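Reading through the structure tokens given below for one structure.
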Amino acid sequence: MNAGGLVEPPLYADRFPPGAIENYLAEEWIVASNITVGSSRAPRSNFIASAEQSFLDELAEELGKDPIDFRLEMLKRAKENPVGKNNDYDPERYAGVLKLVREKAIWKGIGIRNYQDVILEV
């Protein structure tokens, strides 16, 4: 993964999915600018999350797997046989959140002509 941003790059080399994928390379850079992030909440995480999670969805689709099940498999590996030693997340907690979301959303996988929007406001 390669990412850059203002003030601080949005990439975290020790957060999920690292720890669940072999041969993961994280490179980052800083873009010089006088634009501030002001009172934005977690701008680094917000900038990278969409690209990162969309890519995981594409991988799941390519492998013919449900996107949530694919992530749960990755988190199981990160818990039982992690790649690296300095992973800054709790795979069991992440898996619990995904399972709860799947249950509350009455998740049935992605089908033909199935669209879903999720909007969170802080």
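The values are calculated or read from the model by the stated rules, or taken from the named source; none is laboratory data. In this text the structure is predicted, and so the values were computed from the model without any measurement. Using ideal geometry, Cβ is built from the backbone for each residue, glycine included, and neighbour counts are taken over all protein chains shown.
Observations
- Taking (1) surrounded by 14 or more Cβ atoms within 10 Å (Cβ to Cβ); (2) at pLDDT below 75; (3) charged (D, E, K, R) in turn, E73 satisfies each apart from (2).
- If the condition is being of a type in the set (A, V, I, L, M, F, W, C), within 16 Å of the chain's Cα centre (by Cα) and under 18 Å from N23 (Cα atoms), then segment 75-105 contributes L75, A78.
- Some residue of segment 48-55 being over 16 Å from the mean Cα position of the chain (by Cα) and modelled with pLDDT under 90: no
- Taken over segment 12-23, the criterion of being of a type in the set (F, W, Y) and either more than 23 Å from M74 (Cα to Cα) or at pLDDT 70 or above (or both) is satisfied by F16 alone.
- For segment 78-88, the criterion of being surrounded by 10 or more Cβ atoms within 10 Å (Cβ to Cβ), farther than 22 Å from A105 by Cα and at pLDDT 85 or above is met by at least one residue.
- Looking across segment 52-83 at every residue that is without any contact (Cβ under 8 Å) to a residue 24 or more places away in the chain and among the small types (G, A, S), the one that is nearest to R15 (Cα to Cα) is identified as S54.
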